[in-house]
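The values are calculated or read from the model by the stated rules, or taken from the named source; none is laboratory data. Predicted model only: the values in this text are computed from it and were never measured. Cβ atoms come from the backbone with ideal geometry, glycine included; neighbour counts cover every protein chain shown. In case anyone asks, the SASA skips ligands and DNA or RNA and just uses the protein heavy atoms, side chains included. Shrake-Rupley method; radii C 1.70, N 1.55, O 1.52, S 1.80 Å.
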Amino acid sequence: MRVLALSGGVGGAKLCEGLAAELTSGNLTVLVNTADDFTHLGLSICPDIDTVLYTLSGRASKSRGWGLSGETWQAMDALAELGGESWFRLGDRDLATHLLRSEELAAGASLSEVTLLLAERMGIDARILPMSDDAVRTVVQSNEGDLPFQDYFVRRQCEPEVTGFRFEGLAEATLNPGLRAQLSREPPDLVLICPSNPFVSVDPILQVDDCWRLLGELSAPVIAVSPIVAGLAIKGPAAKMMAELSMPVSAGAVLKHYTSRYPGLLDGFVIDESDATLLPNLQTPGIQVAVEATIMKDREQKRHLARRCLALAKSAAT
Ligand code: FO1
């Protein structure tokens, strides 16, 4: 089966790891959120792309969820001694990725070209596609005013109360240039929206250049996995954001978010076993809701969830 996975953050990368292990070579394409990206210390930082690259190349730090395992912080510590900005922790080995990417971009390469180069150099088989080569930047609207995403997420540790989001550059950005051609040349058998933050990871991808309409026109079923389990986000601020936006913190509210913004897009929605009691009130015409073990603590659980999503795609496609 050929799969197009939409991913941002740690949860998305975990499911991509399961998919990569389950699918034969060349059958996984990951469309990655780039709205978390920013220029910092003169470097082009792409956190969600790097989380996928490091996870799929088996080099990601499991404890941190971002960056590399076995990392050291000499450069950051030396920078702090010089009074430089060290709140955004760039590890010594992680810096190599940012240096190479920044150099390539400055020499005129596109983000897609640099990302394919990095994936190749890291021995990754999957095709990793930034959602756009144009800059799209999430601005978190909060009780502390408008905050660039990493200021909100890292510097302020997600403490500000969120009132909304803006995606600067979204209206002008074009979808990844290679995606349309790939979708017609090798149409996927499944489009999988990974358990990523619906607001700051999934929405930017679906909304860039009306990507969601393109995906909806494919014959492949579109299935989303809920990032909210039993009223909690497994990692990250999704649950806190939903509460601050006066939404119920539930898988049902995630489903409603997707169906109201992207009508007709979803064919399937996967909720966790702990939310099985929600099933009756999740029934939505045209959407098959499945109950699965969606918490991915180890490689086998990532592979299991991937297998279940593939099976759901097969049944939704018939
Ligand atoms: N997340 C943090 O909470 N603290 C950090 O210091 C931090 C540094 C960092 C450096 C490179 C990188 O690729 C990601 C990094 N992240 C850090 C995660 C980053 O904030 C991402 O936005 C998350 O992965 C969520 O998408």
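I'd like the Karplus ³J(HN,Hα) series for segment 64-76: coefficients 6.51, -1.76, 1.60, θ = phi - 60°, whole numbers in Hz, and an x wherever there's a Gly or Pro.
So the J values, rounded to whole Hz, are 7, x, 9, x, 9, 6, x, 7, 10, 10, 4, 5, 5.
For segment 12-27 and segment 217-296, write down the distance between their C-alpha centroids in whole Å.
Measuring centre to centre over Cα atoms gives 21 Å.
With +1 assigned to the C-beta of every Lys and Arg and -1 to the C-beta of every Asp and Glu, and no other charges, what is the dipole magnitude of segment 158-239 about the Cα centre in debye, to the nearest 20?
Approximately 180 debye in magnitude.
Fully extended, how many nm does the chain gain between Thr284 and Glu81 (0.36 nm per residue separation, minus their Cα-Cα distance)?
67.4 nm
At 7 Å along Cα-to-Cβ for each site, give me the label-to-label distance between Ser57 and Thr72 in nm.
Those two pseudo-labels are separated by 1.9 nm.
Which whole-Hz ³J(HN,Hα) couplings does segment 47-52 yield from phi under the Karplus relation 6.51 cos²θ - 1.76 cosθ + 1.60, θ = phi - 60°, glycine and proline marked x?
Each residue's phi maps through the Karplus curve to give x, 6, 5, 5, 5, 5 Hz.
Let me check against my output: what whole-number percent is the relative contact order of the chain, with C-alpha pairs under 8 Å and at least 6 apart?
Normalised by residue count, the contact order of the chain is 20 percent.
Taking H as built 1.01 Å from N, whose amide H comes closer than 5 Å to the amide H of Val30, not counting residues under 5 places away?
Excluding prolines and chain starts, which carry no amide H, the hits are Ala5, Arg127, Ile128, Leu129.
How do the peptides 46-54, 14-22 rank, highest first, by the average count of neighbouring beta carbon atoms within 10 Å per residue?
Ranking the peptides 46-54, 14-22 by packing returns 46-54, 14-22.
FRET efficiency for Glu273 and Ala171, Cβ-Cβ distance as r, R0 = 45 Å, nearest 0.05?
In this case the efficiency is close to 0.65.
Given charges of +1 on the Cβ of Lys and Arg and -1 on the Cβ of Asp and Glu, with all other atoms neutral, how large is the dipole of segment 176-295 about its Cα centre, in debye to the nearest 20?
240 debye
Using a/c under 1.5 as the rounded threshold, could you call segment 248-318 rounded, prolate or oblate? The axes a ≥ b ≥ c are square roots of the C-alpha gyration tensor eigenvalues, and prolate needs a/b larger than b/c, oblate otherwise.
oblate
Give the accessible surface of the chain per residue, rounded to a whole number of Å², with probe radius 1.4 Å and ligands, DNA and RNA excluded.
42 Å²
Quick check: Cα centre of segment 73-97 to Cα centre of segment 180-205, how many Å?
Cα centroid of segment 73-97 versus Cα centroid of segment 180-205: 33 Å apart.
Report, in listed order, any pair from Lys62/Lys256; Lys14/Lys235; Lys240/Lys302 with a Cα-Cα distance greater than 23 Å.
Where the Cα-Cα span goes over 23 Å, the pairs concerned are Lys62/Lys256; Lys240/Lys302.
For segment 101-242, with only Lys/Arg (+1) and Asp/Glu (-1) charged at the beta-carbon, what is the dipole magnitude about the Cα centre, in debye rounded to 20?
Here segment 101-242 has a charge dipole of around 360 debye.
Taking a ≥ b ≥ c as the square roots of the eigenvalues of the Cα gyration tensor of segment 191-318, is the shape rounded (a/c under 1.5), prolate (a/b larger than b/c) or oblate?
Here segment 191-318 falls in the rounded category.
Check Tyr262: other-chain or 5+ apart residues with amide H under 5 Å from its amide H, H built from backbone geometry?
none
Could you sort the peptides 308-315, 104-111, 236-243 by per-residue average Cβ neighbour count (10 Å cutoff), highest mean leading?
236-243, 308-315, 104-111
Given R₀ = 30 Å, FRET efficiency for Arg180-Lys235 by Cβ-Cβ distance, to 0.05?
It comes out at approximately 0.40.
Per the 1.4 Å probe, what fraction of the accessible area of the chain, in percent, lies on carbon and sulfur atoms?
51 percent
Mind listing the long-range amide H neighbours of Gly178? Cut-off is under 5 Å, sequence gap 5 or more, other chains count too, H placed in the peptide plane at 1.01 Å from N.
Excluding prolines and chain starts, which carry no amide H, there are no hits.
Report the calculated FRET efficiency for Gln141 and Thr24 (r = Cβ-Cβ distance, R0 = 41 Å), to the nearest 0.05.
For Gln141 and Thr24, the calculated efficiency is 0.40.
Quickly estimate the mean residue ellipticity at 222 nm for the chain, helices only: each DSSP H run with n ≥ 4 gives -39500 (n - 2.57), and the total goes over all residues, rounded to 500.
Result for the chain: -10500 deg cm²/dmol, rounded to the nearest 500.
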